[in-house]
Structures are given as structure tokens and as C-alpha cells.
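Below is one structure; the comments refer to it alone.
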Amino acid sequence: MDEIVFLSRLQFAVTTIYHFIFVPLTIGLGLFVAIWETESYRSGNLEDERIARFWGRLFLLNFAVGVVTGIVLEFQFGMNWSEYSRFVGDVFGVPLAIEGLLAFFVESTFLGLWIFGRSILPKAIHLACIWLVFAASCISAIWILIANSFMQNPVGYVFNNGRAELTDFLALITNPYFLHQYPHVISGAVCTGAFFVLGVSAWKIREGSKDVPLFEKSFKRAMLIGFIGVVLVAFSGHLQGQSVAKLQPMKFAAMENLKETADPAPLSILPGIEMPAMLSVMVYNKPSGEVKGMNELQKAFEYRYGPGDYIPPVWITYLSFRVMVGCSIAMMCILLYSLFRLVLMQKPMHKKALILMVFGISLPYLANTAGWIIAEVGRQPWIVYGLMPTEKAVSVGVSNGSVMFSLFAFSVIYAAMAVITFILMRREIYRGCVDHSSGIPRRAA
Amino acid sequence: MSLEVLWFVLIAVLWVGFFFLEGFDFGVGILQLFLGKNERERGTYIFAISPHWDGNEVWLLTAGGAMLAAFPLWYATFFSALYLPLVIVLLALIVRGVTFEIRHRADFPRARLVCDIAIAAGSFLAALLFGVAMANMAIGIPVENGNFTGTFFDLVKPYALFGGVLCLSLFLTNGALFLTLKIEGELQLRAFKFSKIAIIVTVFLFAIATILAVKYTIICLLSLALISGAAILVTKHYLRTAFICVALCTASSVAALFCAMYPNVLVSSVSPEQSLTVWNAASSAYTLKLMSIVAAVFVPIIIAYQSWSYYVFRKRISPRKANVEV
């Protein structure tokens, strides 16, 4: 592979994966904060306000990093992938520009109003602000996923003037890939928010303070919403898997490391352990049906697009799929255990189980990241599936040295931000709920 | 007006929005470090832009997104040609943006000083480099077949650097006037004193820019007239009107740049045939029509709620009340 292609891809991977650490929590925790704010608005109870603002502070810290790392993504398509932008800008630019006009402005303006307008705005309008922020983050996800879905499954365009031109906006926004991807991403984000709240609450309950009842309430709510989230993740994931099997059979085969076409096709649990006919069940909901293997697909691709290697890096996709599903199963188990303990047995959580919940915060993050690695690495060698190879998409006028410099600089800044955010989050969690009623502001906060 | 020209104008409008709004918050970002004597005072200055800076920055994001949607070739060529300056701009914006959120959580005065320096440095670099980028658009960059053929040093010629200084000076003036209008007491007075010096420097720089202007000196003269008018208004204490004049001056400067480029969107310094034009860089008619509808519906709404947000926070800030608890 060309060095410049490799460097540009690496930079895209670093900046995008890093950005997507913060995005799901913005959506997921945003939902929780909005719910707590609503409760506090309804009851007018100071205790409710304290816990709402505690989660709000964590939300803001996370939001800030999400926003600043998002700017890079908006420009990167032109900076590193100028051939790509030229080729698909007519189509791809549309959802990106709409995202800015419909979502980013709402998100940033009303977030400012929510943070600084608490004592200025009427209470109902202040509450509406946080719901608008949450809604805007969901709307933002719609448009960026429409853009991504075009890369996965190009629709609504014609090939004209040496580039892809948009001809059918409706087809673009009802891309079947998008319709299956969106619920999966959003329910994943809800799980991220839920496990974050569960883990932090578990920590605070274990630590023991006068606010334990508040965190127990948070815990229970996150448990219920998280359970709904995980069920939806599994269900939408199943549908998305079927959609990938249909739209991108090569990605699907690579995910399962299925070399030869089989009917019925077995499911590989881990290398060497197989469940007969299970893959056919996943695709067709019945124990028979043909699933194409990589070798046959490679031949078909060669026939259609000429000689070349059309198989994506198999071990990355295969491994990532197992990480994603494994983490989701672990999440489901943790939630079932908590539900069993708290709801059925009506007993408080085990102290050791609470520690487990703290580590559980990492599970949705691993699953989200692995999921995107499957989606993006599994699409290779294409940047736009079947339309444009990744190696042809890179900027021609940008030197290796420039990309090396930017990759290094972004990595250093991102690492520093990760450390600082982690320290500040931990401190904020340690400090817990603040007493707002005393009238003495926290030192120059 | 054809859709291509409409979008050329609309992208100019988005850049005006960015240069005006983020202009004063870049200015404030730099000024707080020099006008504030301790971390409380610096915090008060920063508080004037806290609710707004993020919304202001979205104008930049949307200008980028709109360039990609309406003029993919322009977006691709411009952003890849200015690769290194843009990397620095992005780093500056990242550091600056995240520091706003870190600052009020930092416990030690020294940590806050570091934050304030980071905000000032980020604002300074971004302001300077946006000026450099705009000046490069005016004089053209070495581009052949849509690909950059020069080096970093082709982008930092004296003329471009002058553009950077001009931009910086305009933003500082804008920021100082904004603070004069937003803050009370001693801190306001300091900002006001600074704005008087800054605006005279800016008038001087604009005069040079008008002499150096490549084309369309009439619009450049308008910018010069507006900034000179603002200077006179400042000395007569008509601060609100002066602020509006600076805003109009920002708009007319961007207009001057875009008029000078038209019908090119990116001037190639290699040969005129290599320049990208409004016509050959644009998207298809379908995309432009679609985006026109979206923009016609949403841009007025955006302007409405952003204005409302400035109205909500219209009250002058006294240093005592500048600390909000999140």
C-alpha cells in the first residue's frame, strides 16, 4: 500500500475513533440529563436538581471534547481525501452541510443557553433547551450516518462529468443501509449513557455518602433504560447484520471468516469452534440458505471490476465482530443480574458486583469502536463501495511529511486531552453532588 | 442570478458570519490575557463569550460543509492546498475550545493561568492563520489540475502575512469593542482604552490594504470608510454604532475578497487556466437547488435563535456576577 494512503487512513482512524468515544455519551448521557432535568422541573425538588446538575457537569466535559474533535472530521475530507471529495462531493456534501444547518447550530446555541441561562430563562424554556440539545445530537447522527451509508451502499446518484452526482435525494435519505444502521447506532449510544451512569453510580454507592439514595435512583433508572437499550442493540444488530449480508456480502463473509460458500453455513464462535447452520439462521431466520464465501465473492468482484484484491483485512473484521458481540452479551448479563437482584430479590447490589459495574463502563465503548471498525475496515478496499477504491481517494498534493506531522500532532493533543478529561471527570465524580441551596457559589466555578 | 452565483454569495455570507462572530470571540480570547490582571478578571472577560463561542464556531463548520456540497472542487483543492496551516488552525481551535470547559474546573490559579494562555494562544494562531488563508485566496496559490504544487513557504509570503496581521488587528478591535459593550466598571474601561488604540492601528492597516488591493478598490474603500467611521465613533463614545460599523467593515472586507476572486473561486498563481471558477467547481444543478431550499428555510431560523441567545445574555456583566455555577 502507498505510504500516503496508509498515513491518511491511519490519521482518519485515529481522529474518527477518538471522536466517537465522546459522541455516543453525548447522545446517551444527554438523554439521561434531559430526563433528570424534566424530573427536577416537575418536582421542583432541590435534591432532583442536585443530581441533574451532577450528571450535567459530566455531560459538558464530555461534550466539549466531542465538539472540538468533530471540527477535524469536517475538514479532513478535503485535507486528506481531496480526490474523494471531488468525486462524491456533489452527493456526500449534501448531508454534511445539512447536518451543520439543522443540528450543529441548534446543539451549540441551546447548549450555551442551557448552561448559562439557568437563572435567567423561565424554567420551562430552560428545560426545553436541554431537550433541544439532545434532539439535535440525534438529528446530527441522522445526517452523518446518511453520509456514511452512501459510502457503504451508494444510492440516488448517477455517474456524470466524471463524478457521482446526486439525482434522488429521497433515495439517499432512505438508503436501506442507513435505515438499519441508525437504530443500531442510537441504541448503542443509549447503552453507553446507561453504562456510564451505572458505573459512576455504583462507584458513588460503594463509596457511601449522604447522597447514596440519589445515586441508587440513578442506578435503577439507568438499569431500566440500559436494558431496553441492550435489547434494541441486539435486535437492530440482527437486522443490520442481515442487511449487510445482502448489501455487502464480502464484509459479511470477512466478519465470519467464511472462506467457501456454504449451505447451510456454520457460525464460527471463535476460531475452531463452530455452530452448524447457525449463520444461515442469522441471515435467513431458518437453518438453511446459502451464504457466499470470500473466495467466490473475490472471483465475482474480479469479473466485475478487474484484477485486484477485494477481500478486506479479515482478522480485524473477524476479531472486531467478536469483541462487539462479546461486549454486548456481557452488558446483557450485567443488566440481567442487576435486575434480578434489585427487582426480583429486592436486595441491594453486592459490593463486589458494584466494582464490576465500574469496569462495565468500558464495555459499550469497546462495542461501539469495534462496531465501527467492522463497518469501515470491512468496506475496504473501497472508500465508496463498488464505486471508488480507497487508494484513489487520497489527496495528491499533500506530502507524506505533512500527514506524518499532522498525525503526530493530533495524536499528542488527543492523548493530552484524554488524560485531562479523565482526571477532571474523576474529580467531578469524586466531588459528587454539590449543594446549590447555600447560595455560596463553588469557588469561582 | 444563477444557482452557482447564489451559492458563491451564500458561502461569502457564511464566512462573514464566522469572521464577525468568531472575530470578536477570538479577539476576547487574546485580550483577556493582557487586559485581565488576575485570574478573576481574565475569567470575567472570558465569561462575556462563554455562552456564544461554540455557536459562533459552527459558522466555520457550516461554511466548510457548504463549500463541499456546493463547490466540491473548491473545497477539495483549497483544503488540501492549505494542509499545514489548516492543521495548525485545527490544533488551535481544539486547544482553545476544550480549554473553555477545563478552565472553570481548574482549582489552582496557576492552572487557570495556563488555561488562559492556551485560550489566548489558540485564538491568536487561529485569527492570524485565517487572515493568511484569506489573503492567499486573494493572490492565488500554486495549483495545477486541482493539486497543490507549492510548499508551505509559498503560503506565508509577506502579502499573506500582512493579511494575517490585518485580520488579527480587526479581530482585536472587534473583541475590545464587544467587551466594552458587555462588561461594567474598571474592566470595561480597560477594554475601551485598548479599543481606541486598536482601531487606529486597524485603520492604518486597512489604508495599506486598500493601496495594495488587487482589484475592486471601491469595496476596499468602503471597508476603509467604515473602519475610519468606527474610529471616529469610538472617540465620540458611540460604541454601539461603532461596533456595528466594525461588523459592516468585516462584511465588506469579505465581500471585497469574494468580488476580487469572482468568477474564480480559487486563483491559481501558476496560470489563469488552472484557476477554479464558480462554474467549473460547482455541484450539479440538482444539488444546488436542493441545498438552496434547505438554506432558505434554515439560515433565517438560525439567525433568529442565535440573535435570541445574544438577547438573553444582553445584560452587562459585572465582575462580581461573572462566575456561574454549572
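Kirkwood hydrodynamic radius for region A:83-157: how many Å is it when counted over pairs of different Cα atoms?
With all distinct Cα pairs of region A:83-157 included, I get 13.7 Å.
Which peptide among A:242-253, A:3-14 comes first, and what is the full order, when sorted by highest mean count of other Cβ atoms within 10 Å?
Final packing ranking: A:242-253, A:3-14.
Could you state the per residue volume, in Å³, of the convex hull enclosing the Cα atoms of region B:74-113?
Per-residue hull volume (Cα only) is 59 Å³.
Work out the P(r) tail for region B:249-310: percent of alpha carbon pairs separated by more than 18 Å, whole number.
61 percent
Using mean Cβ contacts within 10 Å as the protection proxy, how do A:37-43, B:234-240, A:70-76 order, highest first?
A:70-76, A:37-43, B:234-240
When the helix-only estimate is applied to chain A (DSSP H runs of n ≥ 4, each -39,500 (n - 2.57), divided by the residue count), what is the mean residue ellipticity at 222 nm, nearest 500 deg cm²/dmol?
Helices in chain A give a 222 nm mean residue ellipticity of -25000 deg cm²/dmol.
Set the Förster radius R0 to 45 Å, insert the Cβ-Cβ distance between B:Trp279 and B:Arg240 as r into 1/(1 + (r/R0)^6), and round the FRET efficiency to 0.05.
The value I calculate is 0.60.
Hey, in the GNM for chain A with a 10 angstrom Cα cutoff, which one of A:Met294, A:Met223, A:Met417 fluctuates hardest?
Highest fluctuation among the options: A:Met417.
Once you have all Cα-Cα distances for region B:222-326, histogram them in 10 Å bins from zero and send the whole-percent values.
12, 20, 30, 24, 12, 3, 0
Under the 0.36 nm per residue contour assumption, what length would be gained going from the current alpha-carbon distance of A:Ala415 and A:Leu356 to full extension?
My answer for the length gained is 18.6 nm.
Express the Stokes-Einstein translational diffusion coefficient of chain A in µm² s⁻¹, to the nearest whole number, given a Kirkwood radius over alpha-carbon pairs, 20 °C and a viscosity of 1.002 mPa s.
Estimated via Stokes-Einstein, D reaches 91 µm²/s.
For the protein assembly as shown, go through all pairs of different Cα atoms, get the mean of 1/r, take its inverse, and jot down that Kirkwood value in Å.
27.5 Å
Using DSSP loop states and a limit of at most 16 other Cβ atoms within 10 Å to flag GluC sites (Glu not before Pro), what is the longest stretch of chain B containing no flagged site?
That gives B:1-183 as the longest site-free run.
What does the structure give for B:45-51 when I average, per residue, the other chain Cβ atoms found within 10 Å of the residue Cβ?
That average works out to 2.
Residues of B:286-296, mean number of Cβ from any other protein chain within 10 Å of their own Cβ, rounded to a whole number?
Average neighbour count from other chains, rounded to a whole number: 4.
Ignoring everything except DSSP H segments at least 4 long, calculate the 222 nm mean residue ellipticity for chain B; use -39,500 (n - 2.57) per segment, divide by total residues, nearest 500.
Helix contribution divided over all residues of chain B: -26500 deg cm²/dmol.
For A:390-397, what's the mean count of beta carbons from other chains sitting within 10 Å of each residue's beta carbon?
4
Output the direction-averaged projected area (hull surface divided by four) of the convex hull of the alpha-carbon atoms of region B:128-283, in nm².
Dividing the Cα hull surface by four gives the mean projection, 10.1 nm².
Taking the Cα centre of region A:52-133 as the origin, how large is its charge dipole in debye, to the nearest 20, when only Lys and Arg (+1) and Asp and Glu (-1) carry charge on their Cβ atoms?
Computed about the Cα centre, the dipole is about 560 debye.
Would you list the P(r) distribution for region A:1-112, with all Cα-Cα distances sorted into 10 Å bins from 0 and each bin expressed as a whole %?
Binned Cα distances yield the sequence 12, 33, 28, 16, 8, 3, 0.
Quick test of the membrane-span-like rule: which DSSP H helices of chain B reach at least 20 Å along their long axis (C-alpha atoms) with mean Kyte hydropathy at least 1.6?
Correct list, ordered by number: B:3-35, B:83-103, B:217-235, B:239-261.
List the residues, sorted by chain then number, that are 5 or more residues from A:Leu267 or on another chain and whose placed amide H is less than 5 Å from its amide H.
Residues meeting the criterion, in which the H sits 1.01 Å from N, are A:Met275, A:Ala277, A:Met278, A:Leu279.
Can you give me the three principal axis dimensions of region A:56-183 from its C-alpha atoms, in Å, biggest first?
Its Cα atoms span 56, 29, 20 Å along the three principal axes.
May I ask for the equivalent-ellipsoid semi-axes of region B:47-151, computed as the square root of five times each C-alpha gyration tensor eigenvalue and listed largest first in whole Å?
32, 15, 10
List, in order, the whole-Hz ³J(HN,Hα) value for each residue of region A:258-271 obtained from phi through the Karplus relation with A = 6.51, B = -1.76, C = 1.60 and θ = phi - 60°; use x for Gly and Pro.
For region A:258-271, the Karplus-derived couplings read 8, 7, 10, 4, 9, 8, x, 8, x, 9, 8, 7, 9, x Hz, x marking Gly and Pro.
Given the convex hull over the Cα atoms of region A:209-277, what projected area results after averaging over all orientations, in nm²?
Mean shadow area of the hull around the Cα atoms is 7.3 nm².
Could you go through region A:419-430 in sequence order and give the Karplus-derived ³J(HN,Hα) for each residue, using 6.51 cos²θ - 1.76 cosθ + 1.60 with θ = phi - 60°, rounded to whole Hz, and x for Gly and Pro?
Once rounded to whole Hz, the list reads 4, 4, 4, 4, 4, 5, 4, 4, 5, 4, 5, 4.
Just to compare against my own numbers: the Cα pair-distance distribution for chain B, 10 Å bins, whole % per bin, please.
6, 26, 34, 24, 10, 1, 0
Taking the highest mean first, how do the peptides B:192-201, B:251-260 order by number of other beta carbon atoms within 10 angstrom per residue?
B:251-260, B:192-201
Output the direction-averaged projected area (hull surface divided by four) of the convex hull of the alpha-carbon atoms of region A:22-64, in nm².
2.5 nm²
Using the Cα atoms as the points, what is the convex hull volume per residue of region A:320-373 in Å³?
Spelled out: Cα convex hull of region A:320-373, divided by residues, is 59 Å³.
Cα atoms only: what Rg and Dmax, in Å, come out for region A:291-445?
When restricted to the Cα atoms of region A:291-445, Rg and Dmax are 24.0, 75 Å.
Which whole-angstrom value gives the distance between the alpha carbon centres of region B:263-299 and region A:270-310?
44 Å
State the three equivalent ellipsoid semi-axes of region A:190-340, derived from the C-alpha gyration tensor as the square roots of 5 times its eigenvalues, in descending order and whole Å.
41, 15, 12
Need the C-alpha centroid separation for region A:330-383 versus region B:1-58, integer Å.
Value for the Cα centre distance between the two parts: 41 Å.
With chain B treated as a Gaussian network of Cα nodes joined by springs under 10 Å, which of B:Ala242, B:Ala295, B:Ala135 yields the largest mean-square fluctuation?
B:Ala295
Throughout, read-outs are computed from the coordinates displayed, never taken from laboratory work. Please read all numbers here as calculations on a predicted model, not as lab measurements. Positions of Cβ are generated from backbone atoms using ideal geometry, with glycine treated the same way; all protein chains shown enter the neighbour counts.
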